[in-house]
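Before any comments, here is the structure.
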């Protein structure tokens, strides 16, 4: 039993880590937190299930790719139209505006796709396999596989390609990057698009584990943010570790202490971290640059 | 629009009276109920305006405070059968205390952290109410709470409560408007506009934030308690995060920070969906995107209307209207020239005054006012200051110079309490000040201006200066709001001294202008007036001449000399050698965090180590000379 609790906690944690990574990337390049990230996840899950799987009848993996492309375009557009303008504003304005946009996105999902919860069984249904005496659903294994592949690809791209170098340059010093001829606006839009894709992957992976409702992403988005704070604001390894710790801790505490309060655990953990270790587990060196 | 303040009062009174009419015109109970709801939300949203709009702390959990007030008063009435007029105040006090406690946490948590924390607390509140059904009734809520019957008003509950609720709302808004104008209101706005400047100019940001948070929760609790009395039934669904976001919508639609706008925002957010029922499916999506559009295009929202109506009760609205009229009929270039002329005139006047009074000018006495003892400061691996020591003598102007990155600003920040020193200490009049928070350092008599002008943009020039006055430093919310004799006397004194300080800078005519409308040079003078209104013992100036034109530089130099003659001690960081040499009695030179020279302007200028630091030189030579300097 405990093994299953750990496995499902880690699977959930991997999803938090994806969302947290999105926050970290956007924070590093644009210095804004996108409080609508959870709603991006919801919207992606709806597009994926309702449009690409149910309406167009595409197979799981093809539908997933289409949903990611759609969310990337939405993210890039949002970044250019709204987010870029928010950069000049006070932090509080940016926070409220992204909360407002989140409400818009959530309501749009309801208006377009209706209020009924959608079910998608995914490629595996509820099949489980036995790994070392623990029965794990295939969907959970898929989550681990996808998240690991995303992390490795992301590391390789950031480290060894020109795109990665350009992104890191923009993150470190936008003005200089611009003076050196880097198309900064395109890079920012690209970063935001990537963060949206991370949310989208989260939504696609979550869809077969829960019913898809307009509330699907709200808490996941908030907990992803909590995960980033626990790991270290804006830190990339911190986001991954924070996500895994949060998912695991949440499941263990729900299992051993109190299941009804499962959703409160993340926020209690947040309070503890803010009071005891406000910079998180892996503090970002340049966190104070603002 | 040229409608006088008196006429605006009349228009406002007419609107208020119109609001009283519906119950007498036979408006149906449902419509009245919607309006009742709007009034209740208007009270709760006003709390959000105070914390978020005026003080600048994002609160995404106001529904939890509202729920706390509602459940506490509901439980008291059902559990102990105490009457409502006891239950409601108890609920407000309990919630206010919890709010103040959260406010204490909020002083350590800012911006994004505060947003997510308040949101999380709202969620925790929901889970507790949902799961502790032995106390709260769980998902079914609290039923059959005795509602308040006011048969005099006739009709159903909605009609009975309409007028009392409206009167209560008006009273609460009047109270908020009053607080807005007091010293506490100024401090809240100063923190929102620039908290670092507020702290170093004497605003105890911790106390103000805690109070603002407490006020926010009190307004929430009041709204929650009244909700119970009006509807007699509450469930967890009334106080979701979603409701918190809705209140944030009201605040934004009303223009972030506008008190009157919040009321209009509540009317719109609660009322519009009822009026346009066919749009019910779409209105939340529309509101969501409206928030983004308002924030990016018309940030003042409905506050444009409300603030115009309430102008007689808002600080500086009159001056602002005047300024707009003035700006329209004058080209920009003319005002710059005019300003330069005015500055030169002030400079000439000050110089002649000084030359006449030169006989009784106090000389630098030589006893030590500020002692910097072996101060070091590291930022991560970078050591900005290394074991620096020097004294500032009473009555002198000490120049602090050095190449870029030499640690000058860090030194000033350390002296004003913004930056904690890593080692060593700083003493003012023999008392250690380097461990005090910035506002206590200011209270001890150290005042400063910033390298990049940091005025509080949304406030008037006069308010900018009044914030820093000692008489109104302590946060007296209650006496200020009541307007006791002492509070009024303090306020008058602060205003008078502030006007005097503006007079000295020659900018008294700008007193009622909004700081954001000023030119750079004018802002600099406001900052200077702000820093001397408290008659500090020590004035820290971080590049006061940066970005100023000729006339203003002259004025600045004359003002500083005048201040010195009045007995003020000044530490000035400045790049313009001419200004430094003409002004300073002694000079301390920093380079890469080390003090490399100290002495009179002439001796420092000839010091080869200083020349090396500025122009570069051979490494061996530098080392040798340094050795000589330490032995002499």
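The values are calculated or read from the model by the stated rules, or taken from the named source; none is laboratory data. Please read all numbers here as calculations on a predicted model, not as lab measurements. Here the Cβ positions follow ideal geometry from the backbone for every residue, glycine too, while neighbour counts run over all protein chains shown.
Out of curiosity, is residue A:229 within 30 Å of residue A:81 (Cβ to Cβ) and either away from chain B (no Cβ under 14 Å) or surrounded by fewer than 20 Cβ atoms within 10 Å (Cβ to Cβ) (or both)?
No: the conditions fail for residue A:229.
Residue B:502: buried (at least 21 other Cβ atoms within 10 Å of the Cβ) and over 17 Å from the mean Cα position of the chain (by Cα), yes or no?
yes
Restricting attention to segment A:11-32, and to residues there that are crowded, with 24+ Cβ neighbours inside 10 Å and closer than 21 Å to residue A:100 by Cβ, which single residue is nearest to the other protein chains (Cβ to nearest Cβ)?
Looking at residues that are crowded, with 24+ Cβ neighbours inside 10 Å and closer than 21 Å to residue A:100 by Cβ, I get A:23.
Checking the structure you have, find out if any residue of segment B:548-555 is closer than 27 Å to residue B:186 by Cα and assigned by TED's automatic domain parsing to the domain that holds residue B:408.
Looking for residues that are closer than 27 Å to residue B:186 by Cα and assigned by TED's automatic domain parsing to the domain that holds residue B:408, one finds none in segment B:548-555, hence no.
Evaluate the following for residue B:93: is it outside any helix (DSSP H, G or I) and out of contact with any helix residue (DSSP H, G or I) (no Cβ under 8 Å at 6 or more places or on another chain)?
No, not satisfied.
Within segment B:183-294, which helices (runs of 4 or more DSSP H) (wholly inside it) include 1 or more residues that are surrounded by fewer than 19 Cβ atoms within 10 Å (Cβ to Cβ)?
The qualifying helices (runs of 4 or more DSSP H) are B:195-200, B:205-231, B:241-253, B:259-275.
Please work out if residue B:116 is within 14 Å of chain A (Cβ to nearest Cβ) and part of a helix (DSSP H, G or I).
Yes, satisfied.
Pull up segment B:562-576, narrow it to residues that are touching a strand residue (DSSP E or B) at 6+ places or on another chain (Cβ under 8 Å) and assigned to a helix (DSSP H, G or I), then point me to the one that is nearest to residue B:530 (Cα to Cα).
Of everything passing the filter in segment B:562-576, B:563 is nearest to residue B:530 (Cα to Cα).
Which condition breaks for residue A:49 when tested against (1) closer than 19 Å to residue B:290 by Cα; (2) crowded, with 17+ Cβ neighbours inside 10 Å; (3) in contact (Cβ under 8 Å) with a residue 24 or more places away in the chain?
Here residue A:49 clears every test but (1).
Just checking, does segment B:125-144 include any residue being assigned to a strand (DSSP E or B) and assigned by TED's automatic domain parsing to the domain that holds residue B:232?
yes
I need the full set of residues from segment A:215-226 which are part of a helix (DSSP H, G or I) and within 11 Å of chain B (Cβ to nearest Cβ), in order please.
The answer is A:218, A:219, A:221, A:222, A:223, A:224, A:225, A:226.
List the residue pairs whose Cβ atoms are under 9 Å apart, where the first residue sits in segment B:592-617 and is within 17 Å of residue B:388 (Cα to Cα), the second is at pLDDT 85 or above and in a helix (DSSP H, G or I), and the two are 6 or more positions apart or on different chains.
B:593/B:410
What is the residue count in segment A:78-109 for residues that are more than 20 Å from the chain's Cα centre (by Cα) and either facing another protein chain (nearest Cβ under 8 Å) or buried (at least 21 other Cβ atoms within 10 Å of the Cβ) (or both)?
Counting residues in segment A:78-109 that are more than 20 Å from the chain's Cα centre (by Cα) and either facing another protein chain (nearest Cβ under 8 Å) or buried (at least 21 other Cβ atoms within 10 Å of the Cβ) (or both) gives 7.
Filter segment A:110-129 down to the residues that are touching a helix residue (DSSP H, G or I) at 6+ places or on another chain (Cβ under 6 Å) and away from every other protein chain (no Cβ under 14 Å), then identify the one that is farthest from residue A:139 (Cα to Cα).
Per the criteria, the residue is A:118.
Kindly evaluate residue B:127 against the criterion of being within 10 Å of chain A (Cβ to nearest Cβ), closer than 21 Å to residue B:76 by Cα and out of contact with any strand residue (DSSP E or B) (no Cβ under 9 Å at 6 or more places or on another chain).
yes
Please give the helices (runs of 4 or more DSSP H) falling wholly within segment B:297-392 in which 3 or more residues are away from every other protein chain (no Cβ under 14 Å) and at pLDDT below 80.
B:317-328, B:332-357
Could you list all residues from segment B:130-157 that are over 24 Å from residue B:78 (Cα atoms) and surrounded by fewer than 13 Cβ atoms within 10 Å (Cβ to Cβ)?
Of everything in segment B:130-157, those that are over 24 Å from residue B:78 (Cα atoms) and surrounded by fewer than 13 Cβ atoms within 10 Å (Cβ to Cβ) turn out to be B:152, B:154.
Give segment A:30-61 a look and list any residue that's over 16 Å from the mean Cα position of the chain (by Cα), in a helix (DSSP H, G or I) and within 26 Å of residue A:185 (Cα to Cα), or say none.
Matches in segment A:30-61: A:30 only.
Looking at this structure, is residue A:255 in contact with a helix residue (DSSP H, G or I) (Cβ under 6 Å, 6 or more places away or on another chain), within 11 Å of chain B (Cβ to nearest Cβ) and touching a residue at least 24 places away in the same chain (Cβ under 8 Å)?
It is false that residue A:255 is in contact with a helix residue (DSSP H, G or I) (Cβ under 6 Å, 6 or more places away or on another chain), within 11 Å of chain B (Cβ to nearest Cβ) and touching a residue at least 24 places away in the same chain (Cβ under 8 Å).
In segment B:537-555, which residues are crowded, with 23+ Cβ neighbours inside 10 Å and at pLDDT 90 or above?
Within segment B:537-555, B:538, B:539, B:540, B:541 qualify.
How many residues, within segment A:121-144, are at pLDDT below 85, under 17 Å from residue A:9 (Cα atoms) and within 22 Å of the chain's Cα centre (by Cα)?
Final tally of qualifying residues: 0.
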